[in-house]
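Read the structure below first, then the notes.
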C-alpha cells in the first residue's frame, strides 16, 4: 500500500514565540534517518540562540537561516540518491533520473563530474565528503580525475594504495 506524504519544510521554523523543531519544522522522506538528528540540532540551535530578555529579530533570523541550510543540505543528499541512478526501467525511475534538481545540487554534481572534487559548504553539514563521494561513485558517476593527482609522485601514490590494500587484507 503506497504511503502518501508531502515533503517540505516550514518557511520559518521560528515565528514569533513559536519554534518548530524536528518533524514539526519539516519532513523530507520516510526512508531517511535524519529526524532524530534534526531534533537534536534544532534543540541545540534554540539553546544557543534563546533570548535572555525578549525575542530579538536577529536571533530568530539566524535560527531560521541555519534551519533552512540544514534542511536543504539534507534534501540535496537525499535527492542525489535518486537523481544519479542508472535505472530507467520504470516511469518512476526514469522521471527521477531526468528530474530538475535544486541549483545547489546541480552545482555539486557538475563540480564532481568535472574534476572529482567535492567541498563542504560548512561545518553544519550532516553528510561529509566521504558520504557524498560514496553515493556518487556507488551510483556510477564517472568523474574526470582531479588535476591535483598529477602532482603526487608515483611512488607516493603506489605506497598509499599498498597501505590500503594491506588494511583491507588484514580485515578480511
Inset, instruction - Can you tell me which residue within segment 1-19, out of those that are touching a strand residue (DSSP E or B) at 6+ places or on another chain (Cβ under 9 Å) and at pLDDT 90 or above, is farthest from residue 66 (Cα to Cα)? - result: 8
Inset, instruction - For residues that are touching a residue at least 12 places away in the same chain (Cβ under 8 Å) and in a helix (DSSP H, G or I), tally how many sit in segment 136-146. - result: 1
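Okay, residues lined up against (1) free of Cβ contacts under 8 Å to residues at least 24 places away in the same chain; (2) under 14 Å from residue 14 (Cβ atoms); (3) over 13 Å from the mean Cα position of the chain (by Cα):
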{"position": "70", "(1), (2), (3)": "no, yes, no"}
{"position": "94", "(1), (2), (3)": "yes, no, yes"}
{"position": "97", "(1), (2), (3)": "yes, no, yes"}
{"position": "106", "(1), (2), (3)": "yes, no, no"}
Inset, instruction - For segment 107-117, indicate whether the set of residues that are under 20 Å from residue 38 (Cα atoms) and surrounded by fewer than 17 Cβ atoms within 10 Å (Cβ to Cβ) is non-empty. - result: no
Inset, instruction - Filter segment 19-42 down to residues that are free of Cβ contacts under 8 Å to residues at least 24 places away in the same chain and either exposed (fewer than 10 other Cβ atoms within 10 Å of the Cβ) or within 23 Å of residue 82 (Cβ to Cβ) (or both), then give me how many there are. - result: 6
Inset, instruction - Considering each of 167, 133, 149, 101 in turn, give the residue that is in contact with a helix residue (DSSP H, G or I) (Cβ under 7 Å, 6 or more places away or on another chain) and either at pLDDT 90 or above or part of a helix (DSSP H, G or I) (or both). - result: 101
Inset, instruction - Scan segment 20-59 for residues that are farther than 21 Å from residue 126 by Cα, at pLDDT 90 or above and in contact with a helix residue (DSSP H, G or I) (Cβ under 8 Å, 6 or more places away or on another chain) and jot them down. - result: 59
Legend entry - segment 72-92 - residue that is part of a helix (DSSP H, G or I) and over 20 Å from the mean Cα position of the chain (by Cα) and, of those, nearest to residue 32 (Cα to Cα): 92
Inset, instruction - Give me the pairs, please: first residue somewhere in segment 44-65 and at positive phi and touching a residue at least 12 places away in the same chain (Cβ under 8 Å), second residue anywhere and in a helix (DSSP H, G or I) and surrounded by 10 or more Cβ atoms within 10 Å (Cβ to Cβ), beta-carbon distance under 8 Å, and either six or more positions apart or on two chains. - result: none
Legend entry - Every residue from segment 109-121 that is in contact (Cβ under 8 Å) with a residue 24 or more places away in the chain and over 23 Å from residue 27 (Cβ atoms): 109, 112, 113, 114, 115, 116, 117
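The values are calculated or read from the model by the stated rules, or taken from the named source; none is laboratory data. What you are looking at is a predicted structure, and each value in this text was computed from that prediction instead of being measured. Cβ: placed from backbone, ideal geometry, glycine included. Neighbour counts: every protein chain shown.
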